[in-house]
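The values are calculated or read from the model by the stated rules, or taken from the named source; none is laboratory data. The structure presented is a predicted model; accordingly, all values stated were derived computationally and were not measured. As a convention, Cβ positions derive from the backbone with ideal geometry for all residues, glycine included, and neighbour counts pool all protein chains shown.
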Amino acid sequence: MTVNLKGIAASDGLVCGRAYRLVEPDLSFQRQQVSNLDNELERFHQALEAAVSDVETIKMRATKSLGTDGAQVFSTHITMLQDPELIGTVDQTIRKEEVNAESAWASAVAQYETALEKLTDNPYMQERVTDLHDINKRVLAHLLRVSLPDLALIDQPVIVVTHDLIPSDTVSVNPQFILGFVTDVGGRTSHSSILARSLNIPAVVGTQTVTQAVKSGDQLVINGTQGTVTIEPDAATWQMAQQAMADRQANLDHLAAFRNHKTTTKDGRGVTLAANIGNASDLPSVLHNGAEAVGLMRTEFLYMNGDKLPTEDEQFDVYREVVKALAPKTVVIRTLDIGGDKPLPYLHQHPEANPFLGERAIRQSLAHQQIFRSQLRALLRASAYGHLRIMFPMIATLDEFRQAKAIYDDERSKLTTKQVPLGEIKVGMMVEVPAAAMLADRFAQEADFMSIGTNDLIGYTLAADRTNQDVAYLYQPYHPAVLRLINQVISAGHAAGIPVAMCGEMAGDPIAVPLLLGMGLDEFSMGAGTILKTRELIGQLTAADLGALAETALNSASTSQEVVTMVQAAVPGIVS
């Protein structure tokens, strides 16, 4: 029977395919007495072998995307699965107590977990508890003959259906097998949505019930432009979706012609189209889509993809790879931005009632300077291999920015004294707190550049959590208050003679682009998959006409819808 669901349009396009439920299965079991002990022992060892095979596959794919160091956690999992003492304990329990393998395995894991938790003064052993939880689930899944979903194991095209997609889920995903995403929760700027736009695949988020309504293997049609999901569609709908996919591919082929073009308006005004990336594995997409720079490299995934802090050398290797690959193009790397919806469990951060308003981003770095200094040294060393800019996130006060710069200057001075080769680096800040936008003229006197992070700026301005679908209606990029803050930052930057970029999702929004051009934005940084269609759009616009449009929207509009209406009237054919 056909079922239709409504969600939030997160990434444009219409696609059809089979569902892959990224939902943890029921791993509960009953303790049972068994008589055939040899059979139970064989079941256990087959489950172990299957679990090791799974992890080896995941490790291989993670190594390709993250490098050897980034995939090290999976080597740890294999070692634990092959631990003779752990295996021996399970074998002995099956023989002595004559119980099923599930019960013997769970008992042995519980014993190990208790022993590890007693080692409170040994952070390394504490981190093994998390690893133990992972291998426990994998072995139980094989014993119970249920599927333990893992994006790294997907080997055919599917539509991923999940409650929410967290950054660690996408460590080793192979994009060629992901047709689209559908989630229960989230908003247009949640991680799932940003990833989908980066991969240039359709997505619908915030459906609330998709994981309950869909089974793995169900046929789905998702419309990322309208925010709809059709489960088990009729033949006509399926055929229409297949045609839409063919049309979409034809459009992608058309956009490929813009790959090596400069980004200029109809009347010759040039701007920079840059890409937002999460790690070095995004580089092929950046180059394939003709990015003129990397306007934002998020570094938190380096920290989130392992079970301990990356070393200075591990970070240096990644930063150098990116900077060197893009040279002579500029790479803007943001210092660690954790907290909010990106906690680091192994740092044992204290719970916060309002983590988005708590110790996150630059606040975390200034409070834990050893981590901050290690990252800055790695960045400074990498600067010798290309054109690097360092950007501090979530700056709210001048004191914060000055303190961060002072630490940077101190580490640079130490490396210079040691005669470590360094490049010419510019240091700037993200403007994502309304207080910083209001004082942009003061910050512009002390920063080499500013980049507007609209994902958070919109949320903080309108007091709406961008990950909460219940208040998604308040997440309004075109709200006149947001536009005025953006214009204020651009004007302040230009008055001080420094460039102003935007690295939030708004930079690639077709309704926003004419307004941002009218305000004079210098650089638009977005998911790589959005670059070519944005370049085509900019090439159809006349910059001389857009200043008046922006001024009218800033001075006359009172609501988001009024702004949209103004843009659509000024630029016929443009769609939100």
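Of all residues in the range 7-60, those satisfying the criterion of being touching a helix residue (DSSP H, G or I) at 6+ places or on another chain (Cβ under 7 Å) and under 30 Å from ASN223 (Cβ atoms) are ILE8, ALA10, SER11, GLY13, LEU14, VAL15, CYS16, ARG21, LEU22, VAL23, PRO25. Of all residues in the range 529-538, none are farther than 30 Å from SER281 by Cβ, assigned by TED's automatic domain parsing to the domain that holds VAL271, out of contact with any Phe, Trp or Tyr (no Cβ under 9 Å at 6 or more places or on another chain) and of a type outside the set (Phe, Trp, Tyr).
Scanning the range 134-157 for residues that are assigned to a helix (DSSP H, G or I) and either polar (S, T, N, Q) or within 15 Å of ASP26 (Cα to Cα) (or both) returns ASP134, ASN136, LYS137, ARG138, VAL139, LEU140, ALA141, HIS142, LEU143. In this structure, ASP26 does not qualify as on the phi < 0 side of the Ramachandran plot, loosely packed, with under 13 Cβ neighbours inside 10 Å, assigned to a helix (DSSP H, G or I) and of a type outside the set (A, V, I, L, M).
Residue count for the range 29-71, restricted to those that are at pLDDT 85 or above, polar (S, T, N, Q) and surrounded by 15 or more Cβ atoms within 10 Å (Cβ to Cβ): 0. Given the structure, is GLY547 closer than 26 Å to PHE258 by Cα, in contact with a Lys or Arg (Cβ under 8 Å, 6 or more places away or on another chain) and part of a helix (DSSP H, G or I)? Taking the combined requirement at face value, the residue does not satisfy it. The criterion of being modelled with pLDDT of 90 or more and either touching a strand residue (DSSP E or B) at 6+ places or on another chain (Cβ under 6 Å) or exposed (fewer than 14 other Cβ atoms within 10 Å of the Cβ) (or both) holds for GLU98. If the condition is being over 13 Å from ILE538 (Cβ atoms) and free of Cβ contacts under 8 Å to residues at least 60 places away in the same chain, then the range 503-527 contributes MET506, MET519, GLY520. It is to be established whether one or more residues within the range 359-371 are of a type in the set (Val, Ile, Thr), modelled with pLDDT of 95 or more, touching a strand residue (DSSP E or B) at 6+ places or on another chain (Cβ under 6 Å) and part of a helix (DSSP H, G or I). Within the range 359-371 (the criterion being of a type in the set (Val, Ile, Thr), modelled with pLDDT of 95 or more, touching a strand residue (DSSP E or B) at 6+ places or on another chain (Cβ under 6 Å) and part of a helix (DSSP H, G or I)), the answer is yes, since at least one residue qualifies. Quick one: in the range 155-191, of everything that is modelled with pLDDT under 90 and among the charged types (D, E, K, R), which residue is farthest from GLU505 (Cα to Cα)? Checking each candidate, the answer is ASP155. When the residues of the range 1-28 are filtered to those that are of a type in the set (Val, Ile, Thr) and under 22 Å from ASN468 (Cα atoms), which remaining residue is modelled with the highest pLDDT? The extreme case among them is ILE8. Can you find even one residue in the range 8-20 that is touching a residue at least 12 places away in the same chain (Cβ under 8 Å) and assigned to a helix (DSSP H, G or I)? No, because not a single residue in the range 8-20 is touching a residue at least 12 places away in the same chain (Cβ under 8 Å) and assigned to a helix (DSSP H, G or I). Hey, any hits in the range 394-403 for a residue that's in contact with a Lys or Arg (Cβ under 8 Å, 6 or more places away or on another chain), part of a loop (DSSP other than H, G, I, E, B), within 19 Å of SER451 (Cβ to Cβ) and not hydrophobic (A, V, I, L, M, F, W, C)? No.
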